[in-house]
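Visitor: Structure incoming, see below.
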């Protein structure tokens with residue numbers, strides 16, 4: 001493994017020092033989107049906060065395609081090495097100007113004080129948090145989003161979308177927060193569907209049909225959604241959020257048999273809370289679907305943009321697109337979702 | 001007059017009845033209706049504005065007096081949004097367009113629709129600068 005050089009070498013040394021201070025890094029091996037991923041946590045609290053979101057992807061340790069060095073400054077007392085001068089500008093979405101002549105990608109999240117960097121040539125990412133106990137719920141449920149997206153570049157991306165499956169056929173649900181995407185996915189899980197994720201999934205384009213892959217096994221629900229899904233909430237491991245936060249659900253191990261690793265995407269649905277009694281769907285145009293898929297993803301992921309837009313276009317061309325007006329009767333929703341792939 | 005698409009900052013994806021365009025320079029995105037798609041594709045081929053007007057007249061039931069102001073307005077809108085840039089004389093003229101096979105359709109003026117809900121997030125304006133500790137500025141507590 002070789003680094004791009006300067007800055008990543010400093011990151012690696014700082015991570016080693018941090019790990020030494022706490023008696024060694026905690027390591028976990030995962031399979032993500034068919035690739036071997038190794039997470040090395042320098043920080044017990046960081047490991048406790050983030051590792052349950054990957055519990056369903058645990059794999060035997062071997063050579064890693066992606067290694068992530070994670071560090072909590074508060075616990076280890078080791079600060080992130082200073083960003084080099086050329087990287088000292090951060091844009092609104094979190095993009096950091098390129099490090100080492102653009103060879104190292106970086107993003108900063110001001111809401112939680114985390115910098116994520118990635119060296120594509122070495123297949124090594126770093127995740128540096130100032131204080132693991134201050135990570136917000138949305139991060140705990142879906143960590144490492146920029147690192148996964150950069151790592152997948154060239155064969156796919158990390159999408160802001162939910163995916164469920166019936167009979168091995170995947171349905172992707174795309175929409176902004178509040179669209180009903182997450183509640184729909186969880187209602188389908190409760191009804192016995194396969195499940196890849198309610199908020200973020202990896203998508204690769206290795207074959208004739210795009211394949212979605214699970215990245216996270218935690219979901220978060222509002223009180224209103226939790227009230228609609230009593231069976232799921234009772235069965236999943238529940239972690240109550242703080243004031244203003246949602247309820248976090250650990251879907252592993254309770255739903256382990258339904259937590260699929262990957263599914264081919266055979267339909268894309270654009271859910272919307274409509275308020276009518278019944279749920280109904282109709283065909284949507286690829287352009288309309290692209291606006292939802294691409295815009296919803298691009299606004300959340302620091303990164304390049306044009307490459308993700310092109311992947312999103314390939315995705316919406318590969319499967320039929322549907323508008324999905326969600327009715328008030330949540331029990332009807334899974335059957336309507338299943339109908340979207342009944343033609344396959 | 002010839003124009004070109006403002007690549008690589010502007011990218012587009014064409015579907016049957018709509019083209020979706022994103023300008024990564026300022027985070028705005030757009031769509032064009034079918035007559036607008038015809039204009040976009042013809043400009044991208046290096047056709048002059050006069051040829052684009054000819055193509056619209058061949059595809060749609062409209063007089064040049066309707067087409068030309070509508071086309072000029074669209075080109076003005078696309079130029080203002082920096083989706084296209086002047087490219088007079090940069091490329092040789094492409095071969096003439098073949099006559100359309102389908103009968104002429106009723107004329108709907110070419111139209112650029114603008115969406116701004118992504119704009120503030122893609123704007124490439126710095127919002128944090130790195131402080132002396134080497135970290136971006138922390139959010140105010």
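Visitor: Quick one: is residue A:98 more than 12 Å from every other protein chain (Cβ to nearest Cβ), without any contact (Cβ under 8 Å) to a residue 60 or more places away in the chain and surrounded by fewer than 18 Cβ atoms within 10 Å (Cβ to Cβ)?
Guide: Details: more than 12 Å from every other protein chain (Cβ to nearest Cβ): yes; without any contact (Cβ under 8 Å) to a residue 60 or more places away in the chain: yes; surrounded by fewer than 18 Cβ atoms within 10 Å (Cβ to Cβ): yes.
So residue A:98 passes the test.
Visitor: Assess whether residue A:113 counts as being closer than 28 Å to residue A:247 by Cβ, touching a residue at least 12 places away in the same chain (Cβ under 8 Å) and surrounded by fewer than 24 Cβ atoms within 10 Å (Cβ to Cβ).
Guide: Details: closer than 28 Å to residue A:247 by Cβ: yes; touching a residue at least 12 places away in the same chain (Cβ under 8 Å): yes; surrounded by fewer than 24 Cβ atoms within 10 Å (Cβ to Cβ): yes.
Spelling it out, residue A:113 is indeed closer than 28 Å to residue A:247 by Cβ, touching a residue at least 12 places away in the same chain (Cβ under 8 Å) and surrounded by fewer than 24 Cβ atoms within 10 Å (Cβ to Cβ).
Visitor: Out of region B:32-54, which residues are surrounded by 23 or more Cβ atoms within 10 Å (Cβ to Cβ) and within 11 Å of another protein chain (Cβ to nearest Cβ)?
Guide: B:32
Visitor: Please go through region A:81-95 and give me each residue that is modelled with pLDDT of 80 or more and buried (at least 23 other Cβ atoms within 10 Å of the Cβ), ordered by number.
Guide: Looking only at region A:81-95, we keep the residues that are modelled with pLDDT of 80 or more, and these are A:81-84.
Correct list: A:83 only.
Visitor: Of all residues being assigned to a loop (DSSP other than H, G, I, E, B) and without any contact (Cβ under 8 Å) to a residue 24 or more places away in the chain in region A:209-241, which is surrounded by the fewest Cβ atoms within 10 Å (Cβ to Cβ)? Just the residue, please.
Guide: A:240
Visitor: Take region A:29-52 and flag every residue that is out of contact with any helix residue (DSSP H, G or I) (no Cβ under 6 Å at 6 or more places or on another chain) and within 18 Å of residue A:129 (Cβ to Cβ).
Guide: Those that are out of contact with any helix residue (DSSP H, G or I) (no Cβ under 6 Å at 6 or more places or on another chain) and within 18 Å of residue A:129 (Cβ to Cβ): A:39, A:40, A:44, A:47, A:48, A:50, A:51, A:52.
Visitor: Here's a follow-up. On the basis of being closer than 26 Å to residue A:34 by Cβ, within 13 Å of chain B (Cβ to nearest Cβ) and surrounded by 20 or more Cβ atoms within 10 Å (Cβ to Cβ), does residue A:315 make the cut? Steps first, answer last, please.
Guide: Numbers: closer than 26 Å to residue A:34 by Cβ: yes; within 13 Å of chain B (Cβ to nearest Cβ): yes; surrounded by 20 or more Cβ atoms within 10 Å (Cβ to Cβ): yes.
It is true that residue A:315 is closer than 26 Å to residue A:34 by Cβ, within 13 Å of chain B (Cβ to nearest Cβ) and surrounded by 20 or more Cβ atoms within 10 Å (Cβ to Cβ).
Visitor: Determine whether residue B:26 is free of Cβ contacts under 8 Å to residues at least 60 places away in the same chain, surrounded by fewer than 20 Cβ atoms within 10 Å (Cβ to Cβ), within 14 Å of chain A (Cβ to nearest Cβ) and not in a strand (DSSP E or B). Explain how you work it out, then say what you get.
Guide: Numbers: free of Cβ contacts under 8 Å to residues at least 60 places away in the same chain: no; surrounded by fewer than 20 Cβ atoms within 10 Å (Cβ to Cβ): yes; within 14 Å of chain A (Cβ to nearest Cβ): yes; not in a strand (DSSP E or B): yes.
Answer is no for this residue.
Visitor: Those residues that are closer than 18 Å to residue A:295 by Cα and either assigned to a loop (DSSP other than H, G, I, E, B) or at pLDDT 95 or above (or both), I need them from region A:155-177; list them, please. Lay out the reasoning, then the answer.
Guide: Here is the first cut: in region A:155-177, the residues closer than 18 Å to residue A:295 by Cα are A:156-163, A:172-177.
Result: A:161, A:162, A:163, A:172, A:173, A:174, A:175, A:176, A:177.
Visitor: Another one. From the residues in region A:284-298 that are within 7 Å of another protein chain (Cβ to nearest Cβ) and modelled with pLDDT of 80 or more, which one is surrounded by the most Cβ atoms within 10 Å (Cβ to Cβ)? Let's see the steps before the verdict.
Guide: If we filter region A:284-298 for residues that are within 7 Å of another protein chain (Cβ to nearest Cβ), which is where we start, we get A:285-287, A:290-291, A:295, A:298.
Cutting the leftovers down to modelled with pLDDT of 80 or more gives us A:285-287, A:290-291.
Details: A:285: 16, A:286: 24, A:287: 20, A:290: 27, A:291: 23.
Residue satisfying both the conditions and the ranking: A:290.
Here's the yes/no breakdown for (1) within 14 Å of chain B (Cβ to nearest Cβ); (2) at pLDDT 95 or above; (3) within 21 Å of residue A:74 (Cβ to Cβ):
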residue	(1), (2), (3)
A:105	no, no, no
A:110	yes, no, yes
A:113	yes, no, yes
A:117	yes, no, yes
A:138	no, no, yes
A:153	no, no, no
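Visitor: When region A:334-344 is examined, which residues are found to be crowded, with 17+ Cβ neighbours inside 10 Å and closer than 21 Å to residue A:288 by Cβ? Before the answer, list the steps.
Guide: Of all residues in region A:334-344, those crowded, with 17+ Cβ neighbours inside 10 Å come to A:334, A:336-338, A:340-341.
Scanning region A:334-344 gives A:336, A:337, A:340, A:341.
Visitor: Can you find a residue that is within 14 Å of chain B (Cβ to nearest Cβ), surrounded by fewer than 24 Cβ atoms within 10 Å (Cβ to Cβ) and in contact with a strand residue (DSSP E or B) (Cβ under 6 Å, 6 or more places away or on another chain) anywhere in region A:299-307?
Guide: yes
Visitor: Shifting gears a bit: Any idea which of (1) surrounded by 19 or more Cβ atoms within 10 Å (Cβ to Cβ); (2) touching a residue at least 40 places away in the same chain (Cβ under 8 Å); (3) farther than 14 Å from residue A:334 by Cβ is the one residue A:189 doesn't satisfy?
Guide: (3)
Visitor: Within region B:3-14, restricting attention to residues that are farther than 17 Å from residue B:114 by Cα and either at the interface with chain A (Cβ under 7 Å from one of its Cβ atoms) or at pLDDT below 95 (or both), which residue is nearest to the chain's Cα centre (by Cα)?
Guide: It comes out as B:7.
The values are calculated or read from the model by the stated rules, or taken from the named source; none is laboratory data. All values derive from a computational prediction rather than experimental measurement. We place every Cβ from the backbone using ideal geometry, glycine too, and count neighbours over all the protein chains shown.
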